[in-house]
Amino acid sequence: EPEVTQTPSHQVTQMGQEVILRCVPISNHLYFYWYRQILGQKVEFLVSFYNNEISEKSEIFDDQFSVERPDGSNFTLKIRSTKLEDSAMYFCASRGFNSPLHFGNGTRLTVT
Amino acid sequence: DQQVKQNSPSLSVQEGRISILNCDYTNSMFDYFLWYKKYPAEGPTFLISISSIKDKNEDGRFTVFLNKSAKHLSLHIVPSQPGDSAVYFCAASASYNAGKSTFGDGTTLTVKP
């Protein structure tokens with residue numbers, strides 16, 4: 001069964017550094033998402049992406065965050081200058097028309 | 001503002017018995033509800049969904065019930081199996097924006113052999 005893949009599985013970075021989290025959504029899906037889960041908290045929506053542009057973003061998704069679909073297969077989340085509070089599991093998800101979200105296994109981001 | 005609440009952080013049941021996981025929501029705009037299952041070190045996996053035009057949806061051992069007037073839904077697993085042990089998340093969305101889901105805190109289900 002096709003799946004969403006995320007790399008790396010764990011990323012450690014220093015505060016103030018830029019990180020790029022990578023995702024390969026399911027190939028025939030059209031809608032792409034990033035969610036995050038801070039340890040002990042709920043899964044939160046960050047951003048949705050469709051037709052090569054952001055369709056919606058949450059208040060968490062400030063100017064430090066950006067997303068890109070640089071080619072036909074990858075979908076990336078960039079955090080320009082990481083803060084301690086950005087430490088979380090970041091989940092990429094994709095879906096087709098009228099289908100539920102398919103999540104990747106996540107990237108654990110640790111900001112020190 | 002907790003728009004989706006799962007009031008039981010954990011639930012333990014015996015193998016073969018029924019597991020009932022509950023979820024409440026407050027936002028009247030939600031009309032599409034999902035349950036996800038999550039194992040450690042994995043992402044959430046879609047389990048079952050229900051639209052607000054229905055009050056019940058069944059898929060094998062899993063049934064979701066929706067009570068719109070009470071803004072309450074529940075997931076029934078019967079019979080429960082040890083492999084069902086996982087964290088279960090209730091999620092809600094507006095059907096016009098189905099990918100933007102609001103998640104509950106999750107309930108950890110343990111099924112004892």
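The values are calculated or read from the model by the stated rules, or taken from the named source; none is laboratory data. Note that this is a predicted model, so its numbers are computed, not measured. Counting neighbours? That spans all protein chains shown, and the Cβs are built from the backbone with ideal geometry, glycine included. In case anyone asks, the SASA skips ligands and DNA or RNA and just uses the protein heavy atoms, side chains included. Shrake-Rupley method; radii C 1.70, N 1.55, O 1.52, S 1.80 Å.
Express the relative contact order of chain B as a whole percentage, based on alpha carbon pairs under 8 Å and six or more residues apart in sequence.
Values: 277 pairs, mean separation 41.1, N = 113.
Worked out over chain B, it gives 36 percent.
Per-residue shielding of B:19-28, expressed as the average number of other chain Cβ atoms within 10 Å of the residue Cβ, stands at 0.
Could you order A:Arg108, A:Arg69 by accessible surface area, starting with the largest, using a probe radius of 1.4 Å? Spell out each step's value before the answer.
Numbers: A:Arg108 105, A:Arg69 55 Å².
Result of the area sort, largest leading: A:Arg108, A:Arg69.
Here A:Trp34 sits with roughly 0 square angstrom of accessible surface, probe radius 1.4 Å. In the elastic network of chain B, a GNM with C-alpha springs shorter than 10 Å, the most mobile of B:Tyr39, B:Tyr88, B:Tyr25 is B:Tyr39. Take A:Leu39: with every protein chain present and a 1.4 Å probe, its accessible area is about 150 Å².
When the alpha carbon gyration tensor of the range B:4-112 is reduced to an equivalent ellipsoid, the three semi-axes, largest first, read 22, 15, 12 Å. Here the Gaussian network model covers chain B, with springs between Cα atoms less than 10 Å apart; of B:Glu15, B:Glu42, B:Glu58, B:Glu42 fluctuates the most.
Taking a temperature of 4 °C and a viscosity of 1.567 mPa s, what whole-number D in µm²/s does Stokes-Einstein yield for the protein assembly as shown with Rh from Kirkwood over alpha carbon pairs?
For the chosen part, D equals 72 µm²/s.
Taking each residue of B:36-42 in turn, how many C-beta atoms of other protein chains fall within 10 Å of its C-beta, and what is the average?
Values: counts 4, 0, 5, 1, 0, 5, 5.
The per-residue average across the peptide is 3.
Put simply, what bits of the range A:31-48 lose 10 Å² or more of accessible area when the other protein chains are there, versus the chain on its own (1.4 Å probe)? Hits at the 10 Å² cut-off: A:Tyr33, A:Tyr35, A:Gln37, A:Lys42, A:Val43, A:Phe45.
Return the FRET efficiency for the residue pair A:Ser58, B:Ala94: r is the Cβ-Cβ distance, R0 is 22 Å, and the value is rounded to the nearest 0.05.
Numbers: r = 15 Å, r/R0 = 0.66.
Once rounded, the FRET efficiency stands at 0.90.
If you take the accessible area of A alone plus B alone and subtract the pair, what total do you get in square angstrom, rounded to 100, with a 1.4 Å probe? Don't skip to the answer; put the middle values down first.
Details: alone 6570 and 6100 Å², together 11250 Å².
Looking at A and B, the buried total is near 1400 Å².
Counting Cβ atoms of other protein chains within 10 Å of each residue's Cβ and taking the mean over peptide B:89-100 gives 4.
With the other protein chains left in place, how much accessible area per residue, in square angstrom, belongs to the range B:4-112 at a 1.4 angstrom probe?
Working: 4990 Å² over 109 residues.
Counting only protein heavy atoms, the per-residue value for the range B:4-112 is 46 Å².
Between A:Leu46 and A:Trp34, A:Tyr35, A:Arg36, the built amide H atoms are under 5 Å apart, and every one of these is 5 or more places off in sequence or on another chain. Note on B:Met29/A:Asn28: beta-carbon distance plugged into 1/(1 + (r/R0)^6) with R0 of 41 Å gives a FRET efficiency of 0.90. Solvent-accessible surface of protein heavy atoms, probed at 1.4 angstrom with all chains present, puts B:Leu34, A:Leu30 in the order A:Leu30, B:Leu34, largest first. Ligands, DNA and RNA aside, B:Thr108 has an accessible area near 60 Å² when probed at 1.4 Å.
Report in % the part of the accessible area of the range B:4-112 that belongs to carbon and sulfur, leaving out ligands and nucleic acids; probe 1.4 Å. Could the numbers behind the result be given before it?
Numbers: 2530 of 4990 Å².
So the carbon and sulfur contribution to the accessible surface is 51 percent.
Computed over every Cα-Cα pair of the range A:5-111 and binned at 10 Å starting from 0, the pair-distance distribution P(r) comes out as 16, 52, 28, 4 percent.
Largest first, how would A:Ser55, A:Ser66 line up by accessible area (1.4 Å probe)?
Working: A:Ser55 80, A:Ser66 30 Å².
Of A:Ser55, A:Ser66, the descending order of accessible area is A:Ser55, A:Ser66.
Relative contact order for chain A: what percent, with Cα pairs under 8 Å and sequence separation of 6 or more? Can you show the working numbers first?
On the way: 274 pairs, mean separation 43.4, N = 112.
Once divided by the residue count of chain A, the mean separation gives 39 percent.
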